[in-house]
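Data block below; observations after.
The values are calculated or read from the model by the stated rules, or taken from the named source; none is laboratory data. Here the structure is a predicted model, which means the values were calculated and not measured. Neighbour counts run over all protein chains shown; Cβ positions are idealised from the backbone, glycine included.
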Amino acid sequence: MRDPYSIEAEHGLLGAMMQRPELIDSLSDDLSAESFYFPENAEVYRGIMAVRAAGKSVDFLTVGDHVGTLPDGSPAFAYCAEIVNGTPSVSSAKTYAVIVRERAVERSLFDLGSQAMDIAHSDQDVQAKIAAVQAAAMAIDCGSGDDDIVKVGDVLADQLEVWQERHDRHARGETLIGLSTGLKELDEKLGGLQPDHLYIVAGRPAMGKTTLAMGMVIEAAVRQSKSALVISLEMNKGQLLDRAVASEGRIPLTLVKNGTACQSHGAELAAAAGVLRRAPLYIADRAGSSIGRIRSLARRHKMRYGLDLLMIDYLQLLEGEGGNRTEEVSSISRGCKLLAKELGIPVVLLSQLSRKCEERPNKRPIPSDLRESGAIEQDADVILFVYRDEVYHENTEAKGIAEIIIGKGRDIEMGTIRTAFLGQYNRFENLAAGWKPEPVEQPEKVTSLASRYRQKEKF
(Lines give C-alpha, C1' and ligand atoms only; values in the text may rest on other atoms or scores of the structure.)
Protein backbone atom coordinates (compact mmCIF):
# COMPACT_ATOMS: atom_id res chain seq x y z
CA MET A 1 0.00 0.00 0.00
CA ARG A 2 1.45 3.36 -1.03
CA ASP A 3 1.52 6.44 1.17
CA PRO A 4 -1.53 8.73 0.94
CA TYR A 5 0.78 11.63 0.07
CA SER A 6 3.82 12.48 -2.02
CA ILE A 7 6.00 15.26 -0.69
CA GLU A 8 8.09 15.14 -3.87
CA ALA A 9 5.03 15.73 -6.09
CA GLU A 10 3.79 18.54 -3.84
CA HIS A 11 7.18 20.28 -3.91
CA GLY A 12 7.55 19.72 -7.65
CA LEU A 13 4.12 21.23 -8.34
CA LEU A 14 4.70 24.29 -6.13
CA GLY A 15 8.17 24.81 -7.57
CA ALA A 16 6.85 24.68 -11.14
CA MET A 17 4.18 27.25 -10.29
CA MET A 18 6.76 29.66 -8.87
CA GLN A 19 9.13 29.19 -11.83
CA ARG A 20 6.48 29.25 -14.59
CA PRO A 21 3.55 31.38 -13.37
CA GLU A 22 1.80 31.07 -16.76
CA LEU A 23 1.14 27.41 -15.86
CA ILE A 24 -0.74 28.22 -12.64
CA ASP A 25 -4.22 28.41 -14.18
CA SER A 26 -3.96 25.01 -15.87
CA LEU A 27 -2.17 23.32 -12.97
CA SER A 28 -4.64 24.51 -10.34
CA ASP A 29 -7.66 22.83 -12.00
CA ASP A 30 -9.38 20.46 -9.54
CA LEU A 31 -6.96 21.49 -6.80
CA SER A 32 -7.38 23.38 -3.55
CA ALA A 33 -5.22 24.01 -0.52
CA GLU A 34 -6.80 20.93 1.08
CA SER A 35 -5.33 18.80 -1.73
CA PHE A 36 -1.91 19.16 -0.08
CA TYR A 37 -1.12 16.81 2.80
CA PHE A 38 1.53 18.95 4.51
CA PRO A 39 0.27 22.20 6.11
CA GLU A 40 3.28 24.22 5.01
CA ASN A 41 2.71 23.18 1.38
CA ALA A 42 -0.97 24.11 1.65
CA GLU A 43 0.05 27.54 2.96
CA VAL A 44 2.49 28.09 0.08
CA TYR A 45 -0.24 27.13 -2.40
CA ARG A 46 -2.60 29.67 -0.82
CA GLY A 47 0.14 32.27 -1.12
CA ILE A 48 0.71 31.50 -4.80
CA MET A 49 -3.00 31.81 -5.61
CA ALA A 50 -3.33 35.03 -3.57
CA VAL A 51 -0.38 36.69 -5.29
CA ARG A 52 -1.71 35.54 -8.66
CA ALA A 53 -5.17 36.92 -7.90
CA ALA A 54 -3.66 40.27 -6.90
CA GLY A 55 -2.09 40.57 -10.37
CA LYS A 56 1.47 40.50 -9.04
CA SER A 57 4.42 38.57 -10.38
CA VAL A 58 4.65 35.09 -8.87
CA ASP A 59 8.07 33.83 -7.71
CA PHE A 60 9.59 32.53 -4.50
CA LEU A 61 10.29 36.11 -3.33
CA THR A 62 6.74 37.45 -3.70
CA VAL A 63 5.14 34.26 -2.39
CA GLY A 64 7.51 34.05 0.58
CA ASP A 65 6.89 37.70 1.42
CA HIS A 66 3.11 37.19 1.23
CA VAL A 67 3.06 34.07 3.41
CA GLY A 68 5.57 35.41 5.96
CA THR A 69 5.69 32.64 8.51
CA LEU A 70 4.75 28.99 8.02
CA PRO A 71 2.53 27.06 10.50
CA ASP A 72 5.63 25.54 12.13
CA GLY A 73 7.07 29.02 12.77
CA SER A 74 9.82 28.90 10.13
CA PRO A 75 10.21 31.69 7.54
CA ALA A 76 8.32 31.08 4.31
CA PHE A 77 10.98 32.75 2.14
CA ALA A 78 13.65 30.11 2.85
CA TYR A 79 11.13 27.29 2.40
CA CYS A 80 9.95 28.63 -0.99
CA ALA A 81 13.57 29.06 -2.16
CA GLU A 82 14.33 25.47 -1.14
CA ILE A 83 11.28 24.20 -3.09
CA VAL A 84 12.29 26.08 -6.26
CA ASN A 85 15.91 24.89 -6.08
CA GLY A 86 14.76 21.28 -5.59
CA THR A 87 12.25 21.18 -8.46
CA PRO A 88 13.50 18.42 -10.78
CA SER A 89 11.62 19.37 -13.97
CA VAL A 90 9.08 22.06 -14.80
CA SER A 91 8.01 20.09 -17.87
CA SER A 92 6.58 17.37 -15.58
CA ALA A 93 4.42 19.84 -13.65
CA LYS A 94 1.16 18.39 -15.00
CA THR A 95 2.15 14.95 -13.79
CA TYR A 96 2.90 16.35 -10.34
CA ALA A 97 -0.57 17.94 -10.26
CA VAL A 98 -2.22 14.62 -11.16
CA ILE A 99 -0.32 12.84 -8.38
CA VAL A 100 -1.30 15.45 -5.79
CA ARG A 101 -4.94 15.25 -6.87
CA GLU A 102 -5.00 11.43 -6.82
CA ARG A 103 -3.43 11.22 -3.36
CA ALA A 104 -5.98 13.77 -2.08
CA VAL A 105 -8.82 11.64 -3.45
CA GLU A 106 -7.35 8.53 -1.86
CA ARG A 107 -7.25 10.28 1.51
CA SER A 108 -10.87 11.34 1.03
CA LEU A 109 -11.84 7.75 0.21
CA PHE A 110 -10.08 6.58 3.35
CA ASP A 111 -12.06 9.14 5.35
CA LEU A 112 -15.22 8.04 3.52
CA GLY A 113 -14.76 4.54 4.92
CA SER A 114 -14.82 5.89 8.47
CA GLN A 115 -17.76 8.15 7.62
CA ALA A 116 -19.66 5.21 6.12
CA MET A 117 -19.15 3.26 9.36
CA ASP A 118 -20.61 6.13 11.36
CA ILE A 119 -23.59 6.36 8.96
CA ALA A 120 -24.13 2.58 9.15
CA HIS A 121 -24.38 2.76 12.95
CA SER A 122 -26.76 5.75 12.91
CA ASP A 123 -30.52 5.58 13.59
CA GLN A 124 -31.57 6.46 10.00
CA ASP A 125 -33.47 4.06 7.78
CA VAL A 126 -31.52 2.00 5.24
CA GLN A 127 -32.40 4.15 2.20
CA ALA A 128 -31.35 7.33 4.02
CA LYS A 129 -28.02 5.68 4.91
CA ILE A 130 -27.43 4.69 1.29
CA ALA A 131 -28.31 8.20 0.12
CA ALA A 132 -25.90 9.76 2.65
CA VAL A 133 -23.01 7.51 1.59
CA GLN A 134 -23.73 8.19 -2.10
CA ALA A 135 -23.80 11.94 -1.48
CA ALA A 136 -20.44 11.77 0.28
CA ALA A 137 -18.94 9.71 -2.55
CA MET A 138 -20.27 12.10 -5.21
CA ALA A 139 -18.81 15.02 -3.28
CA ILE A 140 -15.38 13.42 -3.61
CA ASP A 141 -15.91 12.80 -7.32
CA CYS A 142 -16.96 16.42 -7.87
CA GLY A 143 -13.89 17.68 -6.10
CA SER A 144 -15.86 19.39 -3.38
CA GLY A 145 -12.80 19.86 -1.24
CA ASP A 146 -12.81 23.49 -2.37
CA ASP A 147 -13.85 26.08 0.15
CA ASP A 148 -17.59 26.64 0.32
CA ILE A 149 -17.07 30.31 1.12
CA VAL A 150 -15.58 32.38 -1.66
CA LYS A 151 -14.87 36.06 -2.15
CA VAL A 152 -17.11 37.82 -4.66
CA GLY A 153 -14.11 39.20 -6.47
CA ASP A 154 -12.78 35.69 -7.08
CA VAL A 155 -15.92 34.53 -8.89
CA LEU A 156 -16.81 37.80 -10.62
CA ALA A 157 -14.60 37.04 -13.61
CA ASP A 158 -16.41 33.73 -14.18
CA GLN A 159 -19.78 35.45 -13.87
CA LEU A 160 -18.73 38.03 -16.46
CA GLU A 161 -18.23 35.17 -18.88
CA VAL A 162 -21.73 33.93 -18.05
CA TRP A 163 -23.19 37.38 -18.79
CA GLN A 164 -21.30 37.52 -22.06
CA GLU A 165 -22.59 34.07 -23.01
CA ARG A 166 -26.16 35.18 -22.28
CA HIS A 167 -25.65 38.26 -24.45
CA ASP A 168 -24.26 36.20 -27.32
CA ARG A 169 -27.10 33.71 -27.01
CA HIS A 170 -29.68 36.50 -27.09
CA ALA A 171 -27.98 38.05 -30.11
CA ARG A 172 -28.40 34.72 -31.91
CA GLY A 173 -32.09 34.75 -31.06
CA GLU A 174 -31.74 32.09 -28.35
CA THR A 175 -33.78 33.44 -25.45
CA LEU A 176 -34.03 30.28 -23.37
CA ILE A 177 -31.70 29.77 -20.44
CA GLY A 178 -32.85 26.22 -19.66
CA LEU A 179 -34.75 23.39 -21.33
CA SER A 180 -37.74 24.21 -23.51
CA THR A 181 -41.17 23.14 -22.25
CA GLY A 182 -42.53 22.86 -25.77
CA LEU A 183 -44.98 25.73 -25.12
CA LYS A 184 -43.81 29.03 -26.56
CA GLU A 185 -45.57 31.41 -24.16
CA LEU A 186 -44.57 29.36 -21.14
CA ASP A 187 -40.95 29.38 -22.28
CA GLU A 188 -41.10 33.16 -22.61
CA LYS A 189 -42.35 33.47 -19.05
CA LEU A 190 -40.00 30.93 -17.45
CA GLY A 191 -36.96 31.20 -19.69
CA GLY A 192 -37.18 27.41 -19.96
CA LEU A 193 -36.72 24.82 -17.20
CA GLN A 194 -33.57 25.95 -15.42
CA PRO A 195 -30.96 23.94 -13.51
CA ASP A 196 -31.15 23.81 -9.69
CA HIS A 197 -34.86 24.73 -9.80
CA LEU A 198 -37.78 22.86 -8.28
CA TYR A 199 -40.96 23.15 -10.37
CA ILE A 200 -44.29 22.23 -8.81
CA VAL A 201 -47.04 21.30 -11.30
CA ALA A 202 -50.32 21.21 -9.38
CA GLY A 203 -54.00 20.85 -10.13
CA ARG A 204 -57.18 19.04 -9.24
CA PRO A 205 -57.77 15.53 -10.69
CA ALA A 206 -58.36 15.32 -14.47
CA MET A 207 -56.90 18.79 -15.10
CA GLY A 208 -53.90 17.45 -17.03
CA LYS A 209 -50.96 17.68 -14.58
CA THR A 210 -49.31 14.49 -15.80
CA THR A 211 -50.01 15.40 -19.43
CA LEU A 212 -48.29 18.77 -19.04
CA ALA A 213 -45.27 17.34 -17.21
CA MET A 214 -44.89 14.44 -19.65
CA GLY A 215 -45.02 16.94 -22.50
CA MET A 216 -42.04 18.75 -20.95
CA VAL A 217 -40.15 15.48 -20.55
CA ILE A 218 -40.82 14.33 -24.13
CA GLU A 219 -39.83 17.75 -25.47
CA ALA A 220 -36.51 17.56 -23.60
CA ALA A 221 -35.73 13.94 -24.51
CA VAL A 222 -36.98 13.83 -28.11
CA ARG A 223 -36.48 17.35 -29.43
CA GLN A 224 -33.44 18.40 -27.35
CA SER A 225 -31.74 15.00 -26.85
CA LYS A 226 -31.54 15.56 -23.09
CA SER A 227 -31.50 12.65 -20.65
CA ALA A 228 -34.82 12.64 -18.79
CA LEU A 229 -36.05 10.36 -16.01
CA VAL A 230 -39.71 9.89 -15.06
CA ILE A 231 -40.50 8.40 -11.65
CA SER A 232 -44.18 7.59 -11.44
CA LEU A 233 -45.83 6.37 -8.28
CA GLU A 234 -49.32 6.52 -9.78
CA MET A 235 -48.98 4.85 -13.19
CA ASN A 236 -46.98 1.85 -14.34
CA LYS A 237 -44.54 1.81 -17.24
CA GLY A 238 -47.16 0.56 -19.69
CA GLN A 239 -49.59 3.37 -18.91
CA LEU A 240 -46.87 5.98 -19.27
CA LEU A 241 -45.78 4.53 -22.60
CA ASP A 242 -49.39 4.56 -23.84
CA ARG A 243 -49.59 8.25 -23.07
CA ALA A 244 -46.17 9.01 -24.55
CA VAL A 245 -46.94 7.22 -27.82
CA ALA A 246 -50.38 8.85 -28.09
CA SER A 247 -48.86 12.29 -27.55
CA GLU A 248 -45.88 11.87 -29.86
CA GLY A 249 -47.84 10.16 -32.66
CA ARG A 250 -51.05 12.21 -32.26
CA ILE A 251 -53.00 9.01 -31.86
CA PRO A 252 -56.23 8.93 -29.81
CA LEU A 253 -55.31 7.45 -26.44
CA THR A 254 -58.45 5.30 -26.37
CA LEU A 255 -57.35 3.56 -29.57
CA VAL A 256 -53.92 2.86 -28.11
CA LYS A 257 -55.50 1.34 -25.01
CA ASN A 258 -58.12 -0.81 -26.77
CA GLY A 259 -55.64 -2.14 -29.33
CA THR A 260 -57.22 -0.75 -32.51
CA ALA A 261 -54.43 1.81 -33.07
CA CYS A 262 -52.25 -0.88 -34.66
CA GLN A 263 -54.74 -1.10 -37.52
CA SER A 264 -56.13 2.43 -37.76
CA HIS A 265 -52.89 4.33 -37.01
CA GLY A 266 -50.22 1.73 -37.71
CA ALA A 267 -47.76 4.09 -39.41
CA GLU A 268 -48.10 6.79 -36.74
CA LEU A 269 -47.72 4.21 -33.97
CA ALA A 270 -44.56 2.74 -35.49
CA ALA A 271 -43.05 6.19 -36.09
CA ALA A 272 -43.78 7.38 -32.55
CA ALA A 273 -42.40 4.17 -31.05
CA GLY A 274 -39.21 4.58 -33.10
CA VAL A 275 -38.73 8.16 -31.95
CA LEU A 276 -39.21 7.22 -28.29
CA ARG A 277 -36.90 4.21 -28.64
CA ARG A 278 -34.02 6.44 -29.77
CA ALA A 279 -34.65 9.15 -27.17
CA PRO A 280 -32.69 9.22 -23.86
CA LEU A 281 -35.94 8.79 -21.93
CA TYR A 282 -36.07 6.58 -18.82
CA ILE A 283 -39.02 5.44 -16.71
CA ALA A 284 -39.30 4.01 -13.20
CA ASP A 285 -42.53 3.01 -11.43
CA ARG A 286 -41.89 2.46 -7.75
CA ALA A 287 -45.07 2.55 -5.72
CA GLY A 288 -44.55 3.63 -2.13
CA SER A 289 -41.05 5.03 -2.75
CA SER A 290 -39.45 7.26 -0.18
CA ILE A 291 -37.67 10.51 -1.00
CA GLY A 292 -34.42 8.89 0.18
CA ARG A 293 -34.83 6.05 -2.29
CA ILE A 294 -35.60 8.46 -5.13
CA ARG A 295 -32.55 10.58 -4.35
CA SER A 296 -30.41 7.45 -4.37
CA LEU A 297 -31.97 6.32 -7.65
CA ALA A 298 -31.43 9.72 -9.30
CA ARG A 299 -27.79 9.96 -8.20
CA ARG A 300 -27.04 6.48 -9.49
CA HIS A 301 -28.82 7.21 -12.78
CA LYS A 302 -26.85 10.41 -13.34
CA MET A 303 -23.54 8.63 -12.77
CA ARG A 304 -24.46 5.89 -15.25
CA TYR A 305 -26.39 7.65 -18.02
CA GLY A 306 -26.35 11.36 -17.24
CA LEU A 307 -29.44 13.27 -16.14
CA ASP A 308 -30.78 16.61 -17.39
CA LEU A 309 -34.42 16.53 -16.19
CA LEU A 310 -36.26 14.64 -13.44
CA MET A 311 -40.04 14.33 -13.14
CA ILE A 312 -41.78 12.82 -10.09
CA ASP A 313 -45.48 11.95 -10.18
CA TYR A 314 -46.65 12.74 -7.55
CA LEU A 315 -45.71 14.24 -4.18
CA GLN A 316 -48.60 12.95 -2.06
CA LEU A 317 -47.71 9.31 -2.85
CA LEU A 318 -44.16 9.71 -1.54
CA GLU A 319 -43.05 8.66 1.91
CA GLY A 320 -41.20 11.22 3.99
CA GLU A 321 -39.73 11.63 7.46
CA GLY A 322 -41.57 13.16 10.39
CA GLY A 323 -44.05 12.55 13.14
CA ASN A 324 -47.07 13.59 11.07
CA ARG A 325 -48.02 13.98 7.43
CA THR A 326 -47.29 17.72 7.36
CA GLU A 327 -43.71 17.09 8.50
CA GLU A 328 -43.39 14.26 5.98
CA VAL A 329 -44.49 16.47 3.08
CA SER A 330 -42.11 19.19 4.26
CA SER A 331 -39.20 16.74 4.22
CA ILE A 332 -40.20 15.55 0.72
CA SER A 333 -40.35 19.03 -0.82
CA ARG A 334 -37.10 20.01 0.90
CA GLY A 335 -35.45 16.79 -0.33
CA CYS A 336 -36.54 17.46 -3.92
CA LYS A 337 -35.17 21.01 -3.79
CA LEU A 338 -31.83 19.79 -2.41
CA LEU A 339 -31.74 17.09 -5.09
CA ALA A 340 -32.20 19.71 -7.83
CA LYS A 341 -29.28 21.74 -6.44
CA GLU A 342 -27.09 18.69 -5.86
CA LEU A 343 -27.53 17.28 -9.38
CA GLY A 344 -27.72 20.69 -11.06
CA ILE A 345 -30.92 19.85 -12.96
CA PRO A 346 -34.55 21.00 -13.02
CA VAL A 347 -36.85 18.77 -10.96
CA VAL A 348 -40.55 18.73 -11.89
CA LEU A 349 -42.68 17.56 -8.97
CA LEU A 350 -46.41 16.99 -9.41
CA SER A 351 -48.79 17.74 -6.56
CA GLN A 352 -52.49 17.45 -5.80
CA LEU A 353 -54.60 20.37 -4.62
CA SER A 354 -57.10 20.48 -1.78
CA ARG A 355 -60.83 20.92 -2.37
CA LYS A 356 -60.73 24.53 -1.16
CA CYS A 357 -60.45 25.85 -4.71
CA GLU A 358 -63.74 24.14 -5.67
CA GLU A 359 -65.54 25.90 -2.81
CA ARG A 360 -64.80 29.34 -4.29
CA PRO A 361 -66.89 30.95 -7.07
CA ASN A 362 -63.66 31.40 -9.05
CA LYS A 363 -62.25 27.89 -8.95
CA ARG A 364 -58.82 28.83 -10.22
CA PRO A 365 -56.21 27.59 -7.72
CA ILE A 366 -53.87 29.65 -5.59
CA PRO A 367 -50.68 28.57 -3.70
CA SER A 368 -52.55 28.07 -0.40
CA ASP A 369 -54.55 25.27 -2.08
CA LEU A 370 -51.51 22.99 -2.10
CA ARG A 371 -52.33 19.98 0.02
CA GLU A 372 -50.88 19.08 3.40
CA SER A 373 -48.06 21.56 3.82
CA GLY A 374 -47.11 25.19 3.30
CA ALA A 375 -43.50 24.03 2.90
CA ILE A 376 -44.24 23.10 -0.72
CA GLU A 377 -44.86 26.75 -1.51
CA GLN A 378 -41.68 27.80 0.32
CA ASP A 379 -39.34 25.22 -1.26
CA ALA A 380 -40.60 25.58 -4.84
CA ASP A 381 -38.86 27.96 -7.21
CA VAL A 382 -41.83 27.94 -9.59
CA ILE A 383 -45.42 26.78 -9.06
CA LEU A 384 -47.56 26.03 -12.12
CA PHE A 385 -51.29 25.43 -11.73
CA VAL A 386 -53.21 23.62 -14.47
CA TYR A 387 -56.83 24.74 -14.84
CA ARG A 388 -59.45 23.77 -17.43
CA ASP A 389 -62.78 25.55 -17.15
CA GLU A 390 -64.62 22.80 -19.04
CA VAL A 391 -64.09 20.44 -16.09
CA TYR A 392 -66.50 22.55 -14.04
CA HIS A 393 -68.60 24.21 -16.76
CA GLU A 394 -69.66 21.91 -19.57
CA ASN A 395 -70.88 24.72 -21.84
CA THR A 396 -67.95 27.06 -21.32
CA GLU A 397 -66.64 29.12 -24.24
CA ALA A 398 -63.12 27.95 -23.30
CA LYS A 399 -63.71 24.35 -24.35
CA GLY A 400 -60.43 22.70 -25.29
CA ILE A 401 -58.48 25.55 -23.66
CA ALA A 402 -56.25 25.08 -20.64
CA GLU A 403 -54.82 27.77 -18.39
CA ILE A 404 -51.35 27.40 -16.93
CA ILE A 405 -51.24 29.78 -13.98
CA ILE A 406 -47.84 30.81 -12.61
CA GLY A 407 -48.66 30.91 -8.90
CA LYS A 408 -45.10 31.57 -7.77
CA GLY A 409 -41.91 32.40 -9.55
CA ARG A 410 -38.44 33.61 -8.58
CA ASP A 411 -37.07 36.21 -10.94
CA ILE A 412 -39.80 35.52 -13.51
CA GLU A 413 -42.97 37.24 -14.60
CA MET A 414 -46.20 36.01 -13.05
CA GLY A 415 -49.31 35.52 -15.11
CA THR A 416 -51.52 33.05 -16.97
CA ILE A 417 -50.73 31.24 -20.20
CA ARG A 418 -53.51 29.77 -22.32
CA THR A 419 -52.80 26.65 -24.34
CA ALA A 420 -54.75 24.18 -26.43
CA PHE A 421 -55.58 20.95 -24.59
CA LEU A 422 -55.94 17.99 -26.93
CA GLY A 423 -57.38 15.45 -24.53
CA GLN A 424 -57.75 12.63 -27.00
CA TYR A 425 -54.03 12.89 -27.90
CA ASN A 426 -52.95 13.50 -24.32
CA ARG A 427 -51.00 16.66 -25.10
CA PHE A 428 -50.85 20.43 -24.73
CA GLU A 429 -50.08 22.63 -27.73
CA ASN A 430 -49.54 26.27 -28.52
CA LEU A 431 -52.65 28.22 -29.45
CA ALA A 432 -52.88 29.69 -32.91
CA ALA A 433 -51.49 33.20 -33.25
CA GLY A 434 -54.11 35.85 -32.58
CA TRP A 435 -56.45 33.50 -30.74
CA LYS A 436 -58.95 35.22 -28.47
CA PRO A 437 -61.79 33.76 -26.41
CA GLU A 438 -65.21 34.16 -27.92
CA PRO A 439 -67.22 36.92 -26.21
CA VAL A 440 -70.07 35.74 -24.04
CA GLU A 441 -73.43 37.32 -24.70
CA GLN A 442 -74.48 39.42 -21.75
CA PRO A 443 -78.16 40.10 -20.91
CA GLU A 444 -79.35 43.62 -21.57
CA LYS A 445 -78.86 45.78 -18.53
CA VAL A 446 -82.07 47.31 -17.15
CA THR A 447 -81.50 50.86 -16.03
CA SER A 448 -85.05 51.94 -15.18
CA LEU A 449 -88.46 50.63 -14.22
CA ALA A 450 -89.91 51.79 -17.55
CA SER A 451 -87.27 49.83 -19.45
CA ARG A 452 -88.14 46.72 -17.46
CA TYR A 453 -91.79 46.96 -18.46
CA ARG A 454 -90.82 47.54 -22.11
CA GLN A 455 -88.86 44.29 -22.01
CA LYS A 456 -91.94 42.45 -20.76
CA GLU A 457 -94.03 43.87 -23.61
CA LYS A 458 -91.77 42.10 -26.12
CA PHE A 459 -93.06 38.73 -25.02
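Can you say whether Glu268 is at pLDDT below 90, in contact with a helix residue (DSSP H, G or I) (Cβ under 8 Å, 6 or more places away or on another chain) and among the charged types (D, E, K, R), as far as the supplied structure shows? Considered against the rule, which asks whether it is at pLDDT below 90, in contact with a helix residue (DSSP H, G or I) (Cβ under 8 Å, 6 or more places away or on another chain) and among the charged types (D, E, K, R), Glu268 comes out as yes. Out of the residues in region 52-61 that are within 15 Å of Ala16 (Cα to Cα) and in a helix (DSSP H, G or I), which is farthest from the chain's Cα centre (by Cα)? My answer is Leu61.
Residue check: Ala16 meets all listed conditions (1) touching a Ser or Thr at 6+ places or on another chain (Cβ under 7 Å); (2) buried (at least 18 other Cβ atoms within 10 Å of the Cβ); (3) part of a loop (DSSP other than H, G, I, E, B) but one, namely (3).
Of the residues Val51, Val90, the single one that is touching a residue at least 40 places away in the same chain (Cβ under 8 Å) and in contact with a helix residue (DSSP H, G or I) (Cβ under 7 Å, 6 or more places away or on another chain) is Val90. In the same structural domain as Ala137 (by TED's automatic domain parsing) and either under 30 Å from Val133 (Cα atoms) or of a type in the set (Val, Ile, Thr) (or both): does that describe Ser26? Spelling it out, it is not the case that Ser26 is in the same structural domain as Ala137 (by TED's automatic domain parsing) and either under 30 Å from Val133 (Cα atoms) or of a type in the set (Val, Ile, Thr) (or both). Taking the listed residues Gly47, Gly64, Gly113, Gly68, the one that is surrounded by fewer than 17 Cβ atoms within 10 Å (Cβ to Cβ), farther than 16 Å from Pro4 by Cα and small (Gly, Ala, Ser) is Gly68, with no other qualifying.
Inspect region 405-421 for any residue being over 22 Å from His197 (Cα atoms), buried (at least 16 other Cβ atoms within 10 Å of the Cβ) and among the aliphatic types (A, V, I, L, M) and give the result as yes or no. Within region 405-421, none of the residues are over 22 Å from His197 (Cα atoms), buried (at least 16 other Cβ atoms within 10 Å of the Cβ) and among the aliphatic types (A, V, I, L, M). Give the residue that is surrounded by the fewest Cβ atoms within 10 Å (Cβ to Cβ), with candidates limited to residues of region 365-404 that are of a type in the set (Val, Ile, Thr) and free of Cβ contacts under 8 Å to residues at least 40 places away in the same chain. Checking each candidate, the answer is Thr396. If only residues of region 200-217 that are β-branched (Val, Ile, Thr) and touching a Leu at 6+ places or on another chain (Cβ under 7 Å) are counted, the one that is nearest to Lys363 (Cα to Cα) is Val201.
When Thr210, Thr260 are checked against the criterion of being among the polar types (S, T, N, Q) and out of contact with any Asp or Glu (no Cβ under 6 Å at 6 or more places or on another chain), Thr260 stands alone in meeting it. Just to be sure, is Ala298 assigned by TED's automatic domain parsing to the domain that holds Leu317 and either farther than 30 Å from Gln124 by Cβ or not aliphatic (A, V, I, L, M) (or both)? No.
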